């Protein structure tokens, strides 16, 4: 039955090339149980045979230099906003989970209070550790710390924050993962030569 359909198509088709007509004739012979030449079998298999599955594209590894550059850019932008006391804008840098379980007003109040006590003046990303979609960012920070009621002093400290990769971007993760030191992590080089 299928051989008849092919034969009917071949008889009606006037614009087929000689090679196409030959292939159709060989296919009709094959459908009728006749042997076809190895050359034609090879051409048919090449053109119409099963195709290998394409490999699924792998998501970029979080230690890829582009991912780390994006992370450092996000950290820089977040701390820029905090230094400039743009707390409402810095709220958007918090992880989606955090924003679902906390309210923005509480975040802003807490950020303002923290900034009153420890004004951030500058920072430098020192290094990054990555485990899966989570990164621990180590920073050197320069702050203007409140000492007593009227006095302040400048301090230089090291601190860290956690960031998670979600929705094609990095977001600050609070709280960080439990027992981070027990995670399999990769230390990633960072090029941030800006002094704190």
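The values are calculated or read from the model by the stated rules, or taken from the named source; none is laboratory data. None of the values given here were measured: they were computed from a predicted structure. With ideal geometry, Cβ positions are generated from the backbone for all residues, glycine too; neighbour counts draw on all protein chains shown.
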Legend entry - residue 166 vs. criteria touching a helix residue (DSSP H, G or I) at 6+ places or on another chain (Cβ under 8 Å) and either under 30 Å from residue 61 (Cα atoms) or modelled with pLDDT of 95 or more (or both): yes
Inset, instruction - Within the stretch 122-151, count every residue that is in contact with a strand residue (DSSP E or B) (Cβ under 9 Å, 6 or more places away or on another chain), modelled with pLDDT under 90 and either farther than 20 Å from residue 168 by Cβ or assigned to a helix (DSSP H, G or I) (or both). - result: 5
Legend entry - Residue that is within 48 Å of the chain's Cα centre (by Cα), modelled with pLDDT under 75, loosely packed, with under 10 Cβ neighbours inside 10 Å and assigned to a helix (DSSP H, G or I), where the choices are 53, 41, 47: 47
